[in-house]
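First the structure, in the form of structure tokens, and then the observations on it.
The values are calculated or read from the model by the stated rules, or taken from the named source; none is laboratory data. Just so it is clear, the model here is predicted, and its values are computed rather than measured. For neighbour counting, all protein chains shown are included, and Cβ atoms are generated from backbone atoms with ideal geometry for every residue, glycine included.
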Amino acid sequence: MAFTLDHRDIRDGVTKLCAGFVGEYWRKTDRDQAYPTEFVRVLTEEGYLGALIPEVFGGLGLPLSAGAAILEEIHRSGGNAGACHAQMYTMGTVLRHGTEAQKASFLPGIARGELRLQAFGVTEPSSGTDTSALRTTARRQGDCYIVNGQKIWTSRAEHSDLLLLLARTTPRDQVVKKTDGLSVFLIDMRDVLGKSLTIRPIRTMMNHATTELFFDDMEIPASSLVGEEGKGFRYILSGMNAERLLIAAECIGDAKWFIEKASAYAGDRTVFQRPIGQNQGVQFPIAKAYAQMRAAELMVHEAIRLYEAGGNPGEEANLAKLLAADASWAAAEACVQTHGGFGFAEEYDVERKFREARLYQVAPISTNMILSYIAEHVLGMPRSY
């Protein structure tokens, strides 16, 4: 397949779909801290959430660039794909390392919308970004594993049937490398929810449906193991390039929304008998945000091109996420400043998108962790942590 980032038919289709979910829909879900169930349902029915699932399992079998186009257009249209994007970026781990039985069992149902894979349990309260320090354990016992521990910032767990979980199967003091001994599991939460699995929602500054998970002697079948025991950290890493590129695409979509919104308001708003956009003090921050967005967009395109060519674009994927997150935040700042007091009014949607855009400076993967990666692995400087 020839490389393309256009996917015009897909973009047009997503834009048309999003036209049915205008600002008031997103304001209400945000106000109520509610999950956008109807939006996700329609997106699923149209096949977009199964875009990266191979056709043999009922998906569209499209490349990563198509997934990026879908998520970008959702954000460019004023929506938020945070409610459903995990179903795309978890696909890499399942497709590359899952067993044939796991794929046959789960992927067709996910593609049809009968099963939801939206939860990804990695972070813990005590470990933060030090994934090797995870304390959640999965102990083999006959033909099952017994899981104990806690996860935090596991988004969409209340709206997912399946959970991709990273847990320690070999104690840290018994492995050569501290990242060894971690394993990935694909768990059907319907079997254990309310028994040995407790989900506790966390209210946040934006509507992100995030939770804490508590595992209390949770028994799961040994067939839940993805790939080989002890190699889970490598499996998670292998999917992170895709995750960062998909999130970067969302950031580009946000930046475009902010820039379009600010430009339109600057042309319409009249103060002192002239459009405020006639002033360079208003024009220049918007123009600079546009320049940042375009530069970041080119980096995203290049990283996706390398990924789809079969490469391992660790540097490019990290740079794409960093630059795109910075571009969306710069555009958000310019948009709020352009709107003045109205930028804080709920009805303009700016304050909601402003809060949502701020997340990507922190997660998934903070800008500081990306800078540390570049310093150490690209520029050859000593490790700083």
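For this structure, a couple of remarks:
- Boolean, ALA295 is of a type outside the set (Ser, Thr, Tyr), at pLDDT 95 or above, farther than 21 Å from ASP349 by Cβ and surrounded by fewer than 20 Cβ atoms within 10 Å (Cβ to Cβ): yes
- Filter result for TYR307 (farther than 16 Å from ALA248 by Cα and not charged (D, E, K, R)): no
Each row is one residue, and each column tells you yes or no for (1) outside any strand (DSSP E or B); (2) not assigned by TED's automatic domain parsing to the domain that holds ASN148.
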residue	(1), (2)
VAL176	yes, no
PHE185	no, no
LYS195	yes, no
ASN207	yes, no
GLU212	no, no
ASP216	no, no
ILE220	no, no
SER238	yes, yes
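- Scope segment 84-116; condition in contact (Cβ under 8 Å) with a residue 12 or more places away in the chain, assigned to a helix (DSSP H, G or I) and more than 15 Å from LEU60 (Cβ to Cβ); matching residues: ALA86, TYR89, GLY92, THR93, VAL94, ARG96, HIS97, ALA101, GLN102, LYS103, ALA104, PHE106
- Selection of segment 106-123 for residues being crowded, with 23+ Cβ neighbours inside 10 Å and of a type outside the set (A, V, I, L, M, F, W, C) yields GLN118, GLY121.
- Count of residues meeting criterion [free of Cβ contacts under 8 Å to residues at least 24 places away in the same chain and crowded, with 20+ Cβ neighbours inside 10 Å] in segment 356-372: 0
- The sole residue among LYS178, LYS151 that is within 11 Å of LEU134 (Cβ to Cβ) and at pLDDT below 95 is LYS178.
- Residue count for segment 321-365, restricted to those that are closer than 22 Å to VAL22 by Cα and not in a helix (DSSP H, G or I): 2.
- Residue that is among the charged types (D, E, K, R) and at pLDDT below 95, where the choices are ARG352, ARG383: ARG383
- Test: residue in segment 363-384 that is closer than 20 Å to TRP257 by Cα and not hydroxyl-bearing (Ser, Thr, Tyr): no
- Residues being in contact with a His (Cβ under 9 Å, 6 or more places away or on another chain) and acidic (Asp, Glu) - total across segment 312-350: 1
- Flag for GLU46 being at negative phi, modelled with pLDDT of 95 or more and surrounded by 12 or more Cβ atoms within 10 Å (Cβ to Cβ): yes
- Residues (surrounded by fewer than 23 Cβ atoms within 10 Å (Cβ to Cβ) and not acidic (Asp, Glu)) located in segment 312-322: ASN312, PRO313, GLY314, LEU319
- For TYR145, the criteria (1) crowded, with 17+ Cβ neighbours inside 10 Å; (2) outside any strand (DSSP E or B) hold in every case but one, which is (2).
Residues are listed down the side, and each one gets a yes or a no for (1) under 23 Å from the mean Cα position of the chain (by Cα); (2) more than 30 Å from PHE354 (Cα to Cα); (3) touching a residue at least 12 places away in the same chain (Cβ under 8 Å):
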residue: ILE202; (1), (2), (3): yes, no, yes
residue: ALA209; (1), (2), (3): yes, no, yes
residue: ASP217; (1), (2), (3): no, yes, yes
residue: PHE233; (1), (2), (3): yes, yes, yes
residue: LEU237; (1), (2), (3): yes, no, no
residue: ALA242; (1), (2), (3): yes, no, yes
residue: ILE247; (1), (2), (3): yes, no, yes
residue: TRP257; (1), (2), (3): yes, no, yes
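- Put simply, of ALA309, ALA303 the only residue that is more than 19 Å from TRP257 (Cα to Cα) and crowded, with 24+ Cβ neighbours inside 10 Å is ALA303.
- Top-ranked residue of segment 85-103 - restricted to ones that are closer than 27 Å to ILE74 by Cα, among the aliphatic types (A, V, I, L, M) and at pLDDT 90 or above, ranked as nearest to the chain's Cα centre (by Cα): ALA86
- Count of segment 27-55 residues which are within 21 Å of MET206 (Cβ to Cβ) and of a type in the set (Val, Ile, Thr): 3
- Residue among GLY20, GLY79, GLY67, GLY59 that is buried (at least 22 other Cβ atoms within 10 Å of the Cβ) and assigned to a loop (DSSP other than H, G, I, E, B): GLY79
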